[in-house]
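Okay, so here's the structure we're looking at.
The values are calculated or read from the model by the stated rules, or taken from the named source; none is laboratory data. Model, not experiment: these values are computed from the prediction. Quick reminder, even Gly has a Cβ in these numbers, built from the backbone with ideal geometry, and neighbours come from all protein chains shown.
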Amino acid sequence: MGKISTSDFRNGINIVLDGEIYTITEFQHVKPGKGPAFVRTKLRGVENDKNIDKTFRSGENVESVRVERRPYQYLYNDGAIYYFMDQKTYEQIPLEQSKVEKKEFIADGMTCTLVINADDENVLYAYPPDHIEAKVEQTDPGVRGDTAQGGSKPATITGGATVQVPLFINEGEMIRVDTRTSAYIERAKSD
């Protein structure tokens, strides 16, 4: 971890604030006509996902953190611990359930992203890919002629997540889902 000045602020830089790691999503240098200059920022928590606004004095030093995103394959969970494997070294990393985001979208063998503090190799959290292909495990059958208004129905997919799908989707079909919004995208293309 190193110290950086407010003049070094850029979008995407990670800093430590009150013991938490935040990413700068927006910053603006302000030079009022009266008084000292300052930097207004919008920050997003890396671990806690909180959005905050913070003002720094111009020239103030803050602690920066290097954060890396690495692909790991999800293996299994034993209830409280999720296990991920580095696909090059085959090293397994156990991760507490609280550090796994959107776990209902994660299925066996899926390549997930682990966010790691590069300075101390501490895993901050894991999350699934933005778009996944999943099998529809359970949904009500669509009724013929019920599609005039383009309605939708709930469907449970592999992993346990529930998404809204069009009425023509049936159990056993593969669909593409956006994990960020839990939204149905399309039927998966079959090879």
*When the stretch 80-108 is examined, which residues are found to be farther than 11 Å from Tyr125 by Cβ and either in the same structural domain as Gly159 (by TED's automatic domain parsing) or hydrophobic (A, V, I, L, M, F, W, C) (or both)?*
Ala80, Ile81, Phe84, Met85, Ile93, Phe105, Ile106, Ala107
_Residue selected from the stretch 158-178 under the condition assigned to a loop (DSSP other than H, G, I, E, B) and among the polar types (S, T, N, Q), by the criterion surrounded by the most Cβ atoms within 10 Å (Cβ to Cβ)_ = Thr158
_Exactly one of these conditions fails for Tyr74: (1) among the aromatic types (Phe, Trp, Tyr); (2) on the phi < 0 side of the Ramachandran plot; (3) over 22 Å from the mean Cα position of the chain (by Cα). Give me its number._
(3)
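Looking only at the stretch 31-68, how many residues end up being closer than 30 Å to Glu101 by Cα and either among the small types (Gly, Ala, Ser) or assigned to a strand (DSSP E or B) (or both)?
17
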_Restricting to the stretch 39-53, and then to whatever is in contact (Cβ under 8 Å) with a residue 24 or more places away in the chain and crowded, with 16+ Cβ neighbours inside 10 Å, can you tell me which residue is nearest to the chain's Cα centre (by Cα)?_
Val46
*Please verify whether the stretch 81-99 includes one or more residues that are of a type in the set (A, V, I, L, M), assigned to a strand (DSSP E or B) and in contact with a Pro (Cβ under 8 Å, 6 or more places away or on another chain).*
yes
*Consider Ser58 against the criteria (1) modelled with pLDDT under 90; (2) farther than 25 Å from Ile175 by Cα; (3) buried (at least 17 other Cβ atoms within 10 Å of the Cβ); (4) touching a helix residue (DSSP H, G or I) at 6+ places or on another chain (Cβ under 8 Å): it satisfies all of them except one. Which criterion is unmet?*
(3)
*Scan the stretch 88-104 and report the pairs whose first residue is farther than 16 Å from Arg69 by Cα and whose second residue is assigned to a loop (DSSP other than H, G, I, E, B) and of a type in the set (Gly, Ala, Ser), with Cβ atoms within less than 6 Å and a gap of 6+ or a chain change.*
Gln97/Ala80; Glu104/Gly159; Glu104/Gly160; Glu104/Ala161
*Among the residues of the stretch 147-157, is there at least one that is at pLDDT 85 or above, polar (S, T, N, Q) and out of contact with any Pro (no Cβ under 7 Å at 6 or more places or on another chain)?*
yes
